[in-house]
Amino acid sequence: MKMTIPNLITSIRIILVPIFVIYLINDKIPGALVIFILAGLSDAADGFIARLFDQKSKLGSYLDPLADKILLVAAFVVLAVMDLIPPWLTVVVISRDVLILLGVLILFLNGTDFTVRPSFLSKMTTCIQLVTVFAVLSAGYFHVFSQINGYLFWATGILTVSSGLHYMRHWFRTMGEGAMSD
């Protein structure tokens, strides 16, 4: 299997996560913001390049959402520890991601044939989570973000819970809700 450019870009995004976290824990918010923006741009770039040059791959279908989850979970955990994001929101975000990973694991262990394809609601959830982290990191530079962050936290929480429930509904349909035989 050869490495595609989109998968290379996604791998670089994963490598940026520890650098992002180091900037955050050292209270170097401008540096963390720059790394976060680079990670966001790389997310857009890998998808664009994959579609434009027909370089979509099965590895990329797993790697890209995994890279998003690694970045977002790291961001939410560190920002909650820094008291910049409410802990309840971090728990909601991580719980949804654990739920998704467990659902994929259960489908895999069950031998169910499935394709990883995020729904529109899932894409919107990832988008609002990215916007939330960006807004928190940018609040010191753009006063409007500090004024709307509370609303953004609630919107992110509601959308994240909705997306988690949507995944559960999909899995129940995929696996069937019939009783197990003895």
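The numbers here are math on the coordinates, done by the rules we state, and not lab data. Quantities reported herein were computed from a predicted structural model and do not represent experimental measurements. Note that each Cβ is placed from the backbone with ideal geometry, even for glycine, and that neighbours are counted across all protein chains shown.
Towards the positive end of the charge dipole of region 5-175, with charges on Cβ (+1 Lys, Arg; -1 Asp, Glu), say which of PRO87, THR132, GLN55 has the farthest Cα.
Ranked along the dipole, the leading option is GLN55.
Determine the shape class of region 46-97: with a ≥ b ≥ c the square roots of the Cα gyration tensor eigenvalues, call it rounded for a/c under 1.5, and otherwise prolate if a/b is greater than b/c, oblate otherwise.
It comes out prolate by the Cα gyration axes.
Give, in nm to one decimal, the length gained when the segment between SER61 and PHE120 is fully stretched (0.36 nm per residue of separation minus the Cα-Cα distance).
Contour length minus Cα-Cα distance gives 19.7 nm.
Determine the dipole magnitude for the chain: charges of +1 sit on the beta-carbon of Lys and Arg, -1 on that of Asp and Glu, nothing else is charged, the reference point is the Cα centre, and the result goes in debye to the nearest 20.
300 debye
Using the Karplus curve 6.51 cos²θ - 1.76 cosθ + 1.60 with θ = phi - 60°, work out ³J(HN,Hα) for each residue of region 72-86 in order, rounded to whole Hz, and write x for Gly and Pro.
Here the 3J(HN,Hα) series is 5, 4, 4, 4, 5, 5, 5, 5, 5, 4, 7, 6, 9, 10, x Hz.
Straight-line reach only, C-alpha to C-alpha below 17 angstrom: list the aspartates and glutamates that LYS123 could link to, leaving out same-chain residues fewer than 8 apart.
Within the straight-line cut-off, LYS123 pairs with ASP43, ASP46, ASP64, ASP68, ASP97.
Give me Rg/Rg_expected for region 83-182, where Rg uses Cα atoms only and Rg_expected = 2.2 N^0.38 Å with N residues.
1.33
Averaging sequence separations of C-alpha pairs under 8 Å and six or more residues apart, then dividing by the length of region 5-175, give the relative contact order as a whole percent.
24 percent
Run the simple label-point estimate for TRP88 and HIS166 please: 7 Å along Cα→C-beta, distance reported in nm.
2.3 nm
Take the residue pairs LYS28/LYS69; LYS28/LYS58; LYS2/LYS69 and return only those whose Cα atoms are more than 30 Å apart.
Listed pairs above 30 Å: LYS28/LYS58.
Once you've got the GNM for the chain with C-alpha springs shorter than 10 Å, pick whichever of SER122, SER163, SER146 has the biggest mean-square fluctuation.
It is SER146.
Report the Stokes-Einstein translational diffusion coefficient (µm² s⁻¹, integer) for the chain, Rh taken as the Kirkwood radius over Cα pairs, at 10 °C with viscosity 1.306 mPa s.
D = 91 µm²/s.
Arranged by the count of other C-beta atoms within 10 angstrom, fewest first, what order do SER95, SER57 take?
SER95, SER57
For ASP68, ASP46, ASP83, what ranking results if the residue with the fewest other Cβ atoms within 10 Å of its Cβ goes first?
In order of increasing Cβ crowding within 10 Å: ASP83, ASP68, ASP46.
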